[in-house]
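The values are calculated or read from the model by the stated rules, or taken from the named source; none is laboratory data. Remember, it's a predicted structure, so these values are computed and weren't measured experimentally. Glycine also receives a Cβ, built like all others from the backbone with ideal geometry; neighbour counts cover every protein chain displayed. Heads up: the accessible areas ignore ligands, DNA and RNA and are worked out on the full protein's heavy atoms, side chains in. Shrake-Rupley method; radii C 1.70, N 1.55, O 1.52, S 1.80 Å.
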Amino acid sequence: MNYKVSIIGAGMTGSTTAHWLAEREIADIVLVDVVEGMPQGKGLDLLEAMPIIGKDVYVVGSNGYEETKNSDVVVITAGLPRKPGMSREDLLTANAEIVRKATLESLKYSPDAIFVVLTNPLDTMAYLTMKVGKLPPHRVVGQAGVLDSARMRAFVAMETGVSVENIHCYVLGGHGDEMVPLTRHSNIAGIPLREYLPADKLEAIVNRTRKGGGEIVNLLKTGSAYYAPSAAVAQMVEAILKDKHLIVPASAYMQGEYGLRDIFFGVPVQLGRKGVERIIEYTLDEEEKAALEKSAAAVRESIRTLHSLVEI
Ligand code: APR
């Protein structure tokens, strides 16, 4: 029997996640969205691609949650984009209601699922999923770090001409402007990035990474990035279902790690069948600690706002 993954929110990121998962024959997929006919249409279209690529994967779309029954993993990408004139608080309130419903409805049918959250503001929405679902911390993880690190790796590859496979970058912290690209821990085939690249080039890469999401938004004009975010989710889902014990940067619940408590925050986590198996703690220098603390303050503020706007 195939594994089953339900994706709540069949927009650009949700449906592209389904595409990556189906192409790699990782799981059967259910797409759920509020727009009538859209998840059904996308699901059927993707199902009809399977004979061509030779993958035995079942894909279905729905406006309800019954079809999600017994999912191994639930991915939450449902949400509203920030529209002109909308404050961060407005967006937070709107997406909090959507994520709350997605979590509770999914849990009714899949009480043992692992949750991978993607809806922004990411760290706050992952926190909300854990709290409203009354879930143990290891069953909720937010996608951000794989994406931010992949962007940095892509920029380093462009600058150096070295294969992306040799490039290892680690971006920690909250998924926002204060994210922390750890240049000291990043390397090309074991050679520290700081030795490989001149300081000004490295600084430019760090800045471009921090603004990576905005760069795509500005180019697209409508909507935000979805290929790389969905590829990141697919990698995390695969690591969970195949029990790979894969270490990736991702948003996890802090219980004293890095001196942080009661927030979701981007750190290196080990992913396996039970979800977050372990949080890895790097030894950080004072500058790195200060950058992480600044980033944590921004996440703490967002979670405080969440508490003031919605009851959890
Ligand atoms: N239940 C299910 N789906 C919903 C709900 C809901 N209550 N509310 C909205 N949606 C759906 C929308 O109908 C839409 O199809 O969520 C989908 C979101 O898709 P897009 O607008 O295409 O946005 P996308 O680019 O996929 O981003 C989704 O992930 O990376 C984050 O910041 C991004 O929060 C955003 C989310």
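Residues in region 205-224 that are within 20 Å of residue 170 (Cβ to Cβ) and within 15 Å of the chain's Cα centre (by Cα): 212, 213.
Listed by position, the helices (runs of 4 or more DSSP H) enclosed by region 110-218 that each have at least 2 residues that are among the hydrophobic types (A, V, I, L, M, F, W, C) and in contact (Cβ under 8 Å) with a residue 12 or more places away in the chain are 122-133, 145-160, 199-210.
Do we have any residue at all in region 235-253 that's assigned to a helix (DSSP H, G or I) and within 14 Å of the ligand (Cβ to nearest atom)? Break it down stepwise before answering.
At the first step, the residues of region 235-253 found to be assigned to a helix (DSSP H, G or I) are 235-241.
Next cut, within 14 Å of the ligand (Cβ to nearest atom) only: 236.
Taking every residue of region 235-253 in turn, at least one turns out to be assigned to a helix (DSSP H, G or I) and within 14 Å of the ligand (Cβ to nearest atom).
Please verify whether residue 56 is surrounded by 15 or more Cβ atoms within 10 Å (Cβ to Cβ) and of a type in the set (Asp, Glu), treating the condition exactly as stated. In short, no.
For region 62-81, give me each residue that is over 24 Å from residue 37 (Cα atoms) and within 15 Å of the ligand (Cβ to nearest atom). Quick ask: steps written out before the conclusion?
Just the residues of region 62-81 that are over 24 Å from residue 37 (Cα atoms), to begin with: 72.
Matches in region 62-81: none.
Taken over region 80-109, the criterion of being open to solvent by less than 30 Å² (accessible area, probe 1.4 Å) and touching a residue at least 40 places away in the same chain (Cβ under 8 Å) is satisfied by 92, 96, 102, 106. Condition first: within 18 Å of the chain's Cα centre (by Cα) and under 15 Å from residue 106 (Cβ atoms). Now tell me which residues in region 64-84 satisfy that. Matches in region 64-84: 72, 73, 74, 75, 76, 77, 78, 79. Quick check: anything in region 23-40 of a type outside the set (D, E, K, R), in contact with a strand residue (DSSP E or B) (Cβ under 6 Å, 6 or more places away or on another chain), open to solvent by 70 Å² or more (accessible area, probe 1.4 Å) and part of a loop (DSSP other than H, G, I, E, B)? The answer is no, given that none of the residues of region 23-40 is of a type outside the set (D, E, K, R), in contact with a strand residue (DSSP E or B) (Cβ under 6 Å, 6 or more places away or on another chain), open to solvent by 70 Å² or more (accessible area, probe 1.4 Å) and part of a loop (DSSP other than H, G, I, E, B).
Taken as a whole, the structure places residue 9 among residues that are touching a residue at least 24 places away in the same chain (Cβ under 8 Å), closer than 23 Å to residue 221 by Cα, within 15 Å of the ligand (Cβ to nearest atom) and out of contact with any helix residue (DSSP H, G or I) (no Cβ under 6 Å at 6 or more places or on another chain).
Among the conditions (1) under 30 Å from residue 289 (Cα atoms); (2) within 15 Å of the ligand (Cβ to nearest atom); (3) open to solvent by 10 Å² or more (accessible area, probe 1.4 Å), residue 115 misses just one, which is (3).
Let's see how each residue does on (1) over 13 Å from the mean Cα position of the chain (by Cα); (2) modelled with pLDDT of 95 or more; (3) assigned by TED's automatic domain parsing to the domain that holds residue 303:
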| residue | (1), (2), (3) |
| --- | --- |
| 102 | yes, yes, no |
| 106 | yes, yes, no |
| 112 | yes, yes, no |
| 120 | no, no, no |
| 158 | yes, yes, yes |
| 165 | yes, yes, yes |
| 168 | yes, yes, yes |
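Every condition in (1) in a loop (DSSP other than H, G, I, E, B); (2) within 16 Å of the ligand (Cβ to nearest atom); (3) at pLDDT below 95 is met by residue 85 except one, and the failing one is (2).
Quick grid of which residues meet (1) farther than 30 Å from residue 23 by Cα; (2) out of contact with any Lys or Arg (no Cβ under 7 Å at 6 or more places or on another chain); (3) among the aliphatic types (A, V, I, L, M):
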| position | (1), (2), (3) |
| --- | --- |
| 158 | no, yes, yes |
| 188 | no, yes, yes |
| 195 | yes, yes, no |
| 202 | yes, no, yes |
| 208 | yes, yes, no |
| 224 | no, yes, no |
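Here region 16-31 is the region considered, the condition is being under 13 Å from residue 60 (Cβ atoms) and free of Cβ contacts under 8 Å to residues at least 60 places away in the same chain, and the residue that is farthest from the ligand (Cβ to nearest atom) is 28.
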